[in-house]
Amino acid sequence: MARHGRAHDVSGMLVTDWGDFGHVNDPRMSVPGMIFGAQQSWNPDAELSEVDMLSRISTIEYGDRTGGVVGALRGASAKGGFSWSDLVTYLELDDGRGGCNTEIVRVMGCLEAYRNDLPQSSQARLADARVSMLRTLRDSILAGRELNGKLDDATEDITQLFRMAGDSSSAVVWSLAIDGQRLLNRVGLALLAAHGVVRQDEAGIDAAKLADELECWTEQYSRLWHEVSRQSELARIQHVVWRATDVLRSI
């Protein structure tokens, strides 16, 4: 993108942690991506491999002489069977009146994965659209059980690397983020069972207990957020979680 911009005489590059859902990360979790973006914007022609960049960020930002902590974080981020994006999409399929949000259905219809199984947007019902979504994600969500085991291992590795670097506070923040992904993976399993995509015994999730765990996690996340940031968009995160817990308790 930076090379394209320079070729077309842009005035500059804006590097931000703003994403599709606003600012949903603890600000400390945005640092590696911001550094990566700044480097690519400053010198887009530099011959730096991704592995080299991750190693440099590990050493310079976190004091990790092994150069491995940011790569480990990158690996952990790929262990989502059911993502924050998936949860937001599932919830926003509800138009707020119990009907189907056809605008979201149209967006989903642009994605190849959904195209063959999605109801026509003009005729879509909420239940049908959600079942279609979950059927498409079924294999990914079911893989979440195995991925959660890998996230357990990742937490141990990342915590050790941060402690070796003398940065135990970052270990706490990232460990909590990984806990959140483990919970999301289980939310996906609960929704599969709730919509009849898999059997309840196949999912193996106590939805009400999971709702309690998700709320407790959000309180912890909120406390850490306020250590370094004002309220900002924390309320958006909380709103998504509270809606999700309402759904889980209605199962």
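Structure values in brief
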quantity: Residue list for segment 62-113, filter: under 19 Å from the mean Cα position of the chain (by Cα) and polar (S, T, N, Q); calculated: Ser77, Ser83, Ser85, Thr89
quantity: Test: Arg135 is out of contact with any helix residue (DSSP H, G or I) (no Cβ under 7 Å at 6 or more places or on another chain), at pLDDT 90 or above and surrounded by fewer than 14 Cβ atoms within 10 Å (Cβ to Cβ); calculated: no
quantity: Pairs where the first residue, in segment 198-218, is in the same structural domain as Arg249 (by TED's automatic domain parsing) and the second is assigned to a loop (DSSP other than H, G, I, E, B), C-beta under 6 Å, 6+ apart; calculated: Ala207/Ile251
quantity: Selection count, segment 61-94, where residues are hydrophobic (A, V, I, L, M, F, W, C) and closer than 18 Å to Phe36 by Cα; calculated: 6
quantity: Test: residue in segment 90-97 that is in contact (Cβ under 8 Å) with a residue 40 or more places away in the chain and touching a strand residue (DSSP E or B) at 6+ places or on another chain (Cβ under 8 Å); calculated: yes
quantity: Scan of segment 4-45 for residues that are more than 28 Å from the chain's Cα centre (by Cα) and in a helix (DSSP H, G or I), ordered by number; calculated: His4, Gly5, Arg6, Ala7
quantity: From the options Gly67, Gly98, residue that is outside any helix (DSSP H, G or I), in the same structural domain as Ile178 (by TED's automatic domain parsing) and among the small types (Gly, Ala, Ser); calculated: Gly98
quantity: Enumeration of residues in segment 46-59 that are in contact (Cβ under 8 Å) with a residue 12 or more places away in the chain and either aliphatic (A, V, I, L, M) or not in a helix (DSSP H, G or I) (or both); calculated: Val51, Met53, Leu54, Ile57
quantity: Boolean, Leu87 is touching a Phe, Trp or Tyr at 6+ places or on another chain (Cβ under 7 Å) and either in a helix (DSSP H, G or I) or more than 27 Å from Leu183 (Cβ to Cβ) (or both); calculated: no
quantity: Those residues of segment 222-241 which are part of a helix (DSSP H, G or I) and free of Cβ contacts under 8 Å to residues at least 24 places away in the same chain, in sequence order; calculated: Ser222, Arg223, His226, Glu227, Leu234, Ala235, Gln238, His239
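Listed here are the residues, each with its yes/no results for (1) outside the structural domain of Asp139 (by TED's automatic domain parsing); (2) over 30 Å from Ser58 (Cβ atoms); (3) surrounded by 19 or more Cβ atoms within 10 Å (Cβ to Cβ).
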residue	(1), (2), (3)
Trp174	no, no, yes
Ile178	no, no, yes
Asn185	no, no, yes
Gly196	no, yes, no
Leu224	no, no, no
Arg243	no, yes, no
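The values are calculated or read from the model by the stated rules, or taken from the named source; none is laboratory data. None of the values given here were measured: they were computed from a predicted structure. Here Cβ is always computed from backbone atoms with ideal geometry, including for glycine, and neighbour counts include all displayed protein chains.
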